[in-house]
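Before any comments, here is the structure.
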Amino acid sequence: MGFSSAYVKFYMMYKVNKDEESIQKLNGIYSLLFVGISLLSLIIGSILVINTGNIFGGNLTATQVNLMRKLMIIMVLDVAITFISTIFDSNITVNEQFIFQQSRQLIQTFLVPLICIPMVLMGTGVLSIVITQISVTTIFLVLNINYCFRRLGMRFKFKDLPVSLLKGLLSFSFFIFLNQIVDLINNNAPNFILGIFQGAKLVATFSIAVQVKNMFFMLSTSLSGMFIPKINKLVSLKRSNSELTDLMIKVGRIQMSLLFFVLGGFIVVGRYFIQLWAGNQNSDAYGLIILMVLPSIVPLSQNVGIEVQKAMNKHIFRSVTYFVFAIVNVLITTIGAIYWGLYGAAMGYVTSIVFANGILMNWYYYRYIGLDMKRYWKKTCMVMIPFIITTGSLGILQELYPVANIGTFFLFGCIYAGIYGIIYFKYVANQYEKQILRSLKK
């Protein structure tokens, strides 16, 4: 809801000034805020649960509606628990405890499917997935609390909480909150609209595409998230825009290289992977993933710029712009879903990504934030070369030797990784990136 970003900003401001009492009061205000938000989420979630039949009853069977109601009840509880965990997540982030945070998130990501897959195969059904999810969420909430109190010495003060601080938090957070709503609309509106107008079959295919697309977002944010405290510190110390641009270029090149590498590999072997993983009935997810991920790489490689906006308290334009394009997204998605099905539903998302996240944001970074976007693109555009050459050449080769079994799947995957790696390391990577790659070999 935008409060996490505000927490990092105010915490770093107090830390630079060595104001420990204000940090404790900040923790106190945040704990009260998130308990209140958790209760509010339970109320809103309950209203949605009660009206499940009215929302989806037109295209889902009575059994499907009943199952969805059960799933929503558990997931609403999961959301409420997650809100409470946010204050501790934010404290871990601002203290730059990334090894604990990233390893915990990685374990949490893999633990759910590791537990769920055997249960589903034993016939427990989809309910086992959400029950596992809420159990894992609760366990890691306890781990977070323990880590913050024992390792980080996190303390709370509830006495004499300043009203001005609360006003500052709410003012700063509102437009980030607006942006979070926009992200929810962009990510979930197509599924929601497809469920209303087309039924469950297309929703399943689109959900697979969204699931894979979200993995690209996780790849990007996991890297840029490590620099959030540093960005806020640089802004608090009033460092030059040139230094902020240098950081955006350094992180952006790594993000773009990683994202293009994964996307290119998916283009080469992804069609067979989707058939193997989700079945031939969901083969359209392959094209949907490419359609949605390719334009997303531009904003995903510029996440540092988003954090610079927040640190400078200049994020209002971005939030308002995204909100306007979220409405455009819903309109285009609705028309597209009715007349063109899956690909029509994706066009609203693609439109908003290209114009709002891509073109308008780059203009805003240059014109009002003061980042040198000409230098940014001059330094980063070379990263696309390995992707274009490797994906293009192997795509042509597949016309003669298609990926149709496990053997060719691994063969093309290895060839792709080898060619991409050689081109990137020899012709594209700078000294900093080569140093990172060499350190990974050790």
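If you place +1 on the Cβ of every Lys and Arg and -1 on the Cβ of every Asp and Glu, how big does the dipole about the Cα centre of the range 19-117 come out, in debye to the nearest 20?
580 debye
For the range 2-49 and the range 121-173, what is the separation of their Cα centres, given in Å?
Using only Cα atoms, the two centres lie 10 Å from each other.
Please get the size of the charge dipole for the range 206-365, origin at its Cα centre, with Cβ charges of +1 on Lys and Arg and -1 on Asp and Glu, quoted in debye to the nearest 20.
Rounded to the nearest 20 debye, it is 500 debye.
Toward the positive end of the charge dipole of the range 1-146, about the Cα centre and with charges on Cβ (Lys, Arg +1; Asp, Glu -1), which of Leu39, Asn17, Leu67 goes farthest?
Leu67
What percent do you get for the relative contact order of the chain when only Cα pairs under 8 Å and 6+ apart count?
19 percent
Compute the Cα gyration tensor for the range 333-442, then decide on rounded, prolate or oblate, letting a ≥ b ≥ c be the square roots of its eigenvalues: rounded whenever a/c is under 1.5, prolate when a/b is larger than b/c in the other cases, and oblate in all that remain.
Judged from the Cα gyration tensor, the range 333-442 comes out oblate (a/c at least 1.5, b/c at or above a/b).
Suppose all protein chains stay in the model; what accessible area per residue would a 1.4 Å probe give for the chain, in Å²?
For the chain, the per-residue accessible area is 50 Å².
Could you tell me which trypsin sites (Lys or Arg not before Pro) in the range 185-275 are loop residues by DSSP with no more than 11 other beta carbons within 10 angstrom of their beta carbon?
In loop regions of the range 185-275 (DSSP not H, G, I, E or B), the sparsely surrounded trypsin sites (Lys or Arg not before Pro) are Lys238.
Given a 1.4 angstrom probe, I'd like the percentage of the accessible area of the chain that is carbon and sulfur, rounded to a whole number.
Percent of accessible area from carbon and sulfur atoms in the chain: 69.
Which is farthest toward the positive dipole end of the chain among Phe174, Gly344, Trp363, measuring Cα position about the Cα centre, with Cβ charges +1 (Lys, Arg) and -1 (Asp, Glu)?
Trp363
Give me the distance between the Cα centres of the range 416-439 and the range 186-253, rounded to whole Å.
24 Å
Kindly provide the helix-only [θ] at 222 nm of the chain, computed as the sum of -39,500 (n - 2.57) over DSSP H runs of four or more divided by all residues, to the nearest 500 deg cm²/dmol?
Taking each H run of at least 4 residues, the total per residue is -27500 deg cm²/dmol.
Build a GNM of the chain with springs between Cα atoms under 10 Å: which of Gly252, Gly45, Gly264 gets the top mean-square fluctuation?
Gly45
What range in the chain is the longest one free of GluC sites (Glu not before Pro) that are in a loop by DSSP and have at most 15 other Cβ atoms within 10 angstrom?
Result for the longest clean stretch: 97-398.
Mean Kyte-Doolittle hydropathy of -0.5 or higher plus an axial Cα length of 24 Å or more: which whole DSSP H helices in the chain meet both?
Span-like helices in the chain: 20-50, 62-94, 98-121, 127-150, 163-197, 200-224, 241-278, 316-352, 406-423.
First select every other residue whose beta carbon is under 15 angstrom from the beta carbon of Phe56; then total the charges, Lys and Arg +1, Asp and Glu -1.
Net charge in that neighbourhood comes out at +3.
For the range 97-192, just say rounded, prolate or oblate: build the C-alpha gyration tensor, square-root its eigenvalues into a ≥ b ≥ c, call rounded for a/c under 1.5, and beyond that prolate if a/b exceeds b/c, oblate if not.
oblate
Could you identify which residue out of Asn27, Asn282, Asn51 has the top mean-square fluctuation in a GNM of the chain using Cα springs shorter than 10 Å?
Asn51
If you count only protein heavy atoms and use a 1.4 Å probe, how large is the accessible surface of Val35, to the nearest 10 Å²?
Roughly 70 Å² of Val35 is accessible to a 1.4 Å probe.
Mind checking the dipole of the range 190-278: about its Cα centre, +1 per Lys or Arg Cβ, -1 per Asp or Glu Cβ, Debye to the nearest 20?
160 debye
Of Ala189, Asn214, Ser240, whose Cα points farthest to the positive end of the dipole of the range 184-255 (charges on the beta-carbon: +1 Lys, Arg; -1 Asp, Glu; origin at the Cα centre)?
Ser240
Just to check, using Stokes-Einstein with a Kirkwood Rh over alpha carbon pairs, what's the diffusion coefficient of the chain at 25 °C and 0.890 mPa s in µm²/s?
103 µm²/s
The values are calculated or read from the model by the stated rules, or taken from the named source; none is laboratory data. Only a predicted model underlies this, so the values are computations on that prediction, with no experimental measurement involved. As a convention, Cβ positions derive from the backbone with ideal geometry for all residues, glycine included, and neighbour counts pool all protein chains shown. In case anyone asks, the SASA skips ligands and DNA or RNA and just uses the protein heavy atoms, side chains included. Shrake-Rupley method; radii C 1.70, N 1.55, O 1.52, S 1.80 Å.
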